[in-house]
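Colleague: Quick one: the structure is below, and I'll ask about it shortly.
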Amino acid sequence: MPFKKDFEERSLPALQSLWDLVEKDIILNQIELKLLYIKGLVKGADLTEFVLSPLERYFQTHTGLPQNSDWLKLIPSASETKVFTAPEEATSAILAGWSILMAESFDFALGFFIPDWSVRQLTEPDSERMVRGPREGFTEDLQGNIVLVRRWIKDPQLRVTGMTIGLRTKTPVVTMYLEDLASRQLVTEVRRRLEAIEIDGVLESGYLEELITDRRLTIFPLIQSTERPDKVSAALLEGRVAILVDKSPFALIAPVTVNELYQTPEDYYLGYWLGTLLRGIRLLGNNLAVTLPGLYVALIGVNQELLPTRLLLTVAGLRAGIPFPIVIEVLLTSFAVEIFNETGLRLPGPLGGSIGVVVGVVLGFTAVQAGFISSPTLVIAVSSTIALYSGPNFSVSIAWRILKYFLIIGAALFGIYGLVIFGVLILAHAATLQSFGTSYLAPWAPLQLDALSDGPVRKPLWLRKKRPVTYRPEDLSRQGTTKQEGRNKKNE
Amino acid sequence: MNEEHPQVSPSLYFFLIFTPLMSFTLLCYPITFAQSIGTDSYLGIPAALLFALPAILLGRYFERRFSGKTVIEYAPLILGKFFGLIYNLVYLIFLFIILFVLFRELTGLVNHFLLLHTPLWAVTILIAGSVAYLSFYGLSSTARLATFLLPAGIFIFFMIGLGFQNWSIQNAVPLLKQPVSTYLFGGFKSLYIFFPLILIYQAPAFSAEKRKNTPLTLAALVLTGAIYFFNLLGIMGVFGPENCIRYNWPTLEYVRTINFPYLLLDQIGLTLIIAWLVLAYATGAILTFFLSSGISQLWQKLSFKKVILLLVPVYFFSLISFPSYDLLRDLFGYFQYAGLTVLLGLPALLWLVSLITGRRGGSI
């Protein structure tokens, strides 16, 4: 059966119910053509200029129909073209922004991709700001995001494989990896997990992150998410796999280990001394964020004997008259800071900043003066919250936020001992985790000294001869010699 | 070997052996050395190391002859089903006793320093429950946990070094004043510090690279010995043997002598307690895993996870039925001799039977 007839019987009735469907019957040189597309998804002017006009010109000089293979050659300017043989494929393509042209007697349809939707400008990602480094982040445009990575890695080994996930959203998803670097098993496993997803819609890469993670109930992020193309490129160069999702500015990177949770690409842009210092600050910040409130509760509420007497007396004096036990006071203060923090994030930029000032200065000061909370508790709660954001991105800080409360409860129940036990339980849980077959605690456990040498201490670039074994890359060698011959002589 | 568990890498294997060795008696071992030898009791550590070596050789023999098998599997092959069962029961009971001593040490320390008014049962529940959780996910995660806690071990070593602040050579000399036999006997009597070494009759079966097992075990033993030597040298130099034996936990008291005028916490010893606690938990998890794995190999209807769950009430009731910490110290002598038997005596017997009967497993 000719394609057009088949399409009109099986697919067109459903499409015709769409308010924004454009259906044009065109007769060129006595040949009936049908053009279908969705208004707003296709650039009408370009369609006319690059598709319909060349066809018109052809029929002005030719009487018969072009041969099958010649159809697409007639329209060389169209950005992307494709031949469809199944009506269902053509229907999906129309909904995805393709224009479909079909002729009466043909057993195929022609598709032209001339999109007309607006794309956000490249801006620096708000959640991963840097002092030094590129100012561009991913946007919601998948194709644009792929280009951003391609502009970093111009290697023919860079593989971009695509699939569609979501029965209704039909969201394009691509995996990117370097063919000669990424472990075969890893690539296969990523694809297997993605292909296994059956869901009606994928609205953001967070959907996939939750669905393909190794352990669904853990609070630790077992897949890294980032808005930065340079971070994705660095991951690809280590033999990892990136997943990009249409309409999401967040790329996913697998696998991930705890080592990545305090590192940023900026560490490598700023020189190794500063890189090391920044990593140290982030590590310290994250640890303080998680343990400080718990430690405070343990020392003030249970194990007062461990504090120097003068410090204890100072804190006790400041807490005199507070109507709550220490754990309730800390929890209330922390919750309040969390609420204001969340509010500040959602409010429009300038307003959010103002609210932050109001909360931080006015409300905090008033609460202390009113005797609801003590000033040391406020200092601890605010310091912990600020320290949470010393990490490289937001998703990591969420895990730390939850762990903080877990440790506060442990400290309230059993003091320092509870803090230690609950801390060990968290570590034990982390030790059971794997990210796509890689131990989450690597390179600390199992101990991989070479990979660990670029851990808390940022390794100088000229010593990073090998890729980290953690991700089992196919090729371990990262660089040859970086010595600049004769430099020393010249200096002398 | 139990097919349920993945093989562990050499680095994880090292920490499976090293962590229990390092933490088992770290806080209290100087007492027996000081009692047996005196001022230069640290010289007993090399002697203890010397006595531990045959255990490594025996472990190596069985490992090579019965590659991939644990003592639970090869003991019946050598001794026959009945005597093999008896042998394994003795082995597993002793493993349980090591755990018991560790946990009682842990509860004693917690009750003495951190939770002075908390009833023993509450502390015990916390210990039994959390150790069960730590070991529940299998050997790999337990070994990873032990490896991740390496900084705690480094920190302890650092603290021991700082303890030399108050060190006086007068307390630690004269050297070799006693006859050599005293050092040898002191070392032999204190061999209990290396009792977790009995894991070499089980752990090598779980190792991915068998040829590295013996060097790694030896490295773990020597490193532990070095840390113990260094620590004992410091303790003797600060306290001398007379003062050392007055304390329940001399290592802790030694670290508490460190003086930092601007340190926020009044008791520097607390940091040592925390570091030791995390290592002790990892040790508890490792030993619990091997105990439950051994029991599940013996009674194959029970998975090791079920055994772990069954062990929780056993730990709980055995610990609360032993309320006096001093009683543990009184019974320590029996523990020492029982341990010598299980670590050296019985495996030597097994080796002899293996040689005599020709039941030597596969070729080397």
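The values are calculated or read from the model by the stated rules, or taken from the named source; none is laboratory data. Worth saying up front: this structure is predicted, and the values here are computed from it rather than measured. Cβ: placed from backbone, ideal geometry, glycine included. Neighbour counts: every protein chain shown. The accessibility values were calculated without ligands, DNA or RNA, using every heavy atom of the protein model including side chains. Shrake-Rupley method; radii C 1.70, N 1.55, O 1.52, S 1.80 Å.
Colleague: With respect to the numbered conditions (1) surrounded by 17 or more Cβ atoms within 10 Å (Cβ to Cβ); (2) without any contact (Cβ under 8 Å) to a residue 40 or more places away in the chain; (3) within 14 Å of chain B (Cβ to nearest Cβ), which one is the sole condition not fulfilled by A:L311?
Modeller: Checking A:L311 against (1) surrounded by 17 or more Cβ atoms within 10 Å (Cβ to Cβ); (2) without any contact (Cβ under 8 Å) to a residue 40 or more places away in the chain; (3) within 14 Å of chain B (Cβ to nearest Cβ), the one that fails is (1).
Colleague: Tell me yes or no: at least one residue of segment A:109-118 is crowded, with 17+ Cβ neighbours inside 10 Å and of a type in the set (S, T, Y).
Modeller: Among the residues of segment A:109-118, not one is crowded, with 17+ Cβ neighbours inside 10 Å and of a type in the set (S, T, Y), which makes the answer no.
Colleague: Can you spot a residue in segment A:362-372 that is crowded, with 23+ Cβ neighbours inside 10 Å and in contact (Cβ under 8 Å) with a residue 40 or more places away in the chain?
Modeller: Kept after step one, since they are crowded, with 23+ Cβ neighbours inside 10 Å, are these residues of segment A:362-372: none.
Checking segment A:362-372: not a single residue is crowded, with 23+ Cβ neighbours inside 10 Å and in contact (Cβ under 8 Å) with a residue 40 or more places away in the chain.
Colleague: Run down A:I421, A:I402, A:I416 and say which single residue is open to solvent by 20 Å² or more (accessible area, probe 1.4 Å) and at pLDDT 85 or above. I'd like the intermediate steps shown before the answer.
Modeller: Details: A:I421 fails: open to solvent by 20 Å² or more (accessible area, probe 1.4 Å); A:I416 fails: open to solvent by 20 Å² or more (accessible area, probe 1.4 Å).
Of A:I421, A:I402, A:I416, the one residue that is open to solvent by 20 Å² or more (accessible area, probe 1.4 Å) and at pLDDT 85 or above is A:I402.
Colleague: Continuing with the same structure: Hey, among A:L142, A:L122, A:L148, which residue is surrounded by 14 or more Cβ atoms within 10 Å (Cβ to Cβ) and in contact with a strand residue (DSSP E or B) (Cβ under 9 Å, 6 or more places away or on another chain)? Even if it seems obvious, please write down each step before you answer.
Modeller: Numbers: A:L122 fails: in contact with a strand residue (DSSP E or B) (Cβ under 9 Å, 6 or more places away or on another chain); A:L148 fails: in contact with a strand residue (DSSP E or B) (Cβ under 9 Å, 6 or more places away or on another chain).
That would be A:L142, the only listed residue that is surrounded by 14 or more Cβ atoms within 10 Å (Cβ to Cβ) and in contact with a strand residue (DSSP E or B) (Cβ under 9 Å, 6 or more places away or on another chain).
Colleague: Can you give me the number of residues within segment B:270-280 that are more than 15 Å from B:G108 (Cβ to Cβ), at the interface with chain A (Cβ under 8 Å from one of its Cβ atoms) and touching a Leu at 6+ places or on another chain (Cβ under 8 Å)?
Modeller: Residues in segment B:270-280 being more than 15 Å from B:G108 (Cβ to Cβ), at the interface with chain A (Cβ under 8 Å from one of its Cβ atoms) and touching a Leu at 6+ places or on another chain (Cβ under 8 Å): 2 in total.
Colleague: Let me ask another. Residue by residue through segment A:208-237, note down the ones that are touching a residue at least 24 places away in the same chain (Cβ under 8 Å), outside any loop (DSSP other than H, G, I, E, B) and open to solvent by 30 Å² or more (accessible area, probe 1.4 Å).
Modeller: A:E209, A:A234, A:L237
Colleague: Within segment A:390-419, which residues are in contact with a Ser or Thr (Cβ under 6 Å, 6 or more places away or on another chain) and either aromatic (F, W, Y) or in the same structural domain as A:I223 (by TED's automatic domain parsing) (or both)?
Modeller: A:F394
Colleague: Look through segment A:178-198, keep the residues that are exposed (fewer than 15 other Cβ atoms within 10 Å of the Cβ) and touching a Leu at 6+ places or on another chain (Cβ under 8 Å), and return whichever of them is nearest to A:T161 (Cα to Cα).
Modeller: Residue satisfying both the conditions and the ranking: A:E179.
Colleague: For segment B:133-172, list the helices (runs of 4 or more DSSP H) that sit wholly inside it and hold at least 3 residues that are closer than 17 Å to A:Q434 by Cα and within 14 Å of chain A (Cβ to nearest Cβ); which are they?
Modeller: Working: elements: B:139-148, B:150-162, B:169-172.
Of the helices (runs of 4 or more DSSP H) lying wholly inside segment B:133-172, those with at least 3 residues that are closer than 17 Å to A:Q434 by Cα and within 14 Å of chain A (Cβ to nearest Cβ) span B:139-148.
Colleague: Another question about this same structure. Within segment B:332-354, restricting attention to residues that are open to solvent by less than 70 Å² (accessible area, probe 1.4 Å), of a type outside the set (V, I, T) and closer than 16 Å to B:I97 by Cα, which residue is farthest from the chain's Cα centre (by Cα)?
Modeller: First, pick out the residues of segment B:332-354 that are open to solvent by less than 70 Å² (accessible area, probe 1.4 Å): B:332-333, B:335-336, B:338-348, B:350, B:353-354.
If we keep only those that are of a type outside the set (V, I, T) as well, we get B:332-333, B:335-336, B:338-340, B:343-348, B:350, B:354.
Remaining after also requiring closer than 16 Å to B:I97 by Cα: B:332-333, B:335-336, B:338-340, B:343.
Details: B:F332: 14, B:G333: 16, B:F335: 13, B:Q336: 12, B:A338: 14, B:G339: 11, B:L340: 13, B:L343: 12 Å.
Only one residue fits best here, namely B:G333.
Colleague: How many of the residues in segment B:122-132 are at the interface with another protein chain (Cβ under 8 Å from one of its Cβ atoms) and not hydrophobic (A, V, I, L, M, F, W, C)?
Modeller: Qualifying residue count for the region: 1.
Colleague: Taking the residues in segment A:319-338 that are under 23 Å from B:L270 (Cβ atoms) and in contact (Cβ under 8 Å) with a residue 40 or more places away in the chain as candidates, determine which candidate is surrounded by the fewest Cβ atoms within 10 Å (Cβ to Cβ).
Modeller: So in segment A:319-338, the residues under 23 Å from B:L270 (Cβ atoms) come out as A:319, A:325-327, A:330.
From the residues that got through so far, the ones that are in contact (Cβ under 8 Å) with a residue 40 or more places away in the chain too are A:319, A:326-327, A:330.
Details: A:R319: 17, A:I326: 23, A:V327: 21, A:V330: 30.
So, considering only residues that are under 23 Å from B:L270 (Cβ atoms) and in contact (Cβ under 8 Å) with a residue 40 or more places away in the chain, the one surrounded by the fewest Cβ atoms within 10 Å (Cβ to Cβ) is A:R319.
Colleague: Return a yes/no flag: does segment A:410-417 have any residue that is within 14 Å of another protein chain (Cβ to nearest Cβ) and over 30 Å from A:I326 (Cα atoms). Please lay out each step first, then the result.
Modeller: Our first condition is that a residue be within 14 Å of another protein chain (Cβ to nearest Cβ); within segment A:410-417, this holds for A:410-417.
Retained after the next criterion (residues that are over 30 Å from A:I326 (Cα atoms)): none.
The answer is no; no qualifying residue exists.
Colleague: Something else now. Determine which member of the set B:Y228, B:Y201 is over 30 Å from B:L126 (Cβ atoms) and buried (at least 24 other Cβ atoms within 10 Å of the Cβ).
Modeller: Values: B:Y228 fails: over 30 Å from B:L126 (Cβ atoms).
None of the other options fit; the residue is B:Y201.
Colleague: Please go through segment B:105-121 and give me each residue that is hydrophobic (A, V, I, L, M, F, W, C), more than 8 Å from chain A (Cβ to nearest Cβ) and open to solvent by less than 20 Å² (accessible area, probe 1.4 Å), ordered by number.
Modeller: B:L106, B:L109
Colleague: Consider segment A:54-86. How many of its residues are over 15 Å from A:A109 (Cα atoms), open to solvent by 60 Å² or more (accessible area, probe 1.4 Å) and at pLDDT 80 or above?
Modeller: Residues flagged as over 15 Å from A:A109 (Cα atoms), open to solvent by 60 Å² or more (accessible area, probe 1.4 Å) and at pLDDT 80 or above within segment A:54-86 amount to 2.
Colleague: Test A:L433 against the criterion of being within 13 Å of chain B (Cβ to nearest Cβ), under 26 Å from B:R144 (Cα atoms) and either surrounded by fewer than 24 Cβ atoms within 10 Å (Cβ to Cβ) or of a type in the set (D, E) (or both), and give yes or no. It would help to see each step written out before you state the result.
Modeller: Numbers: within 13 Å of chain B (Cβ to nearest Cβ): yes; under 26 Å from B:R144 (Cα atoms): yes; either surrounded by fewer than 24 Cβ atoms within 10 Å (Cβ to Cβ) or of a type in the set (D, E) (or both): yes.
The answer is yes for A:L433.
Colleague: Please enumerate the residues belonging to segment B:114-132 that are assigned to a helix (DSSP H, G or I) and closer than 17 Å to A:V420 by Cα.
Modeller: Taking segment B:114-132 and keeping what is assigned to a helix (DSSP H, G or I), we get B:114, B:120-132.
The answer is B:L114, B:A122, B:V123, B:T124, B:I125, B:L126, B:I127, B:A128, B:G129, B:S130, B:V131, B:A132.
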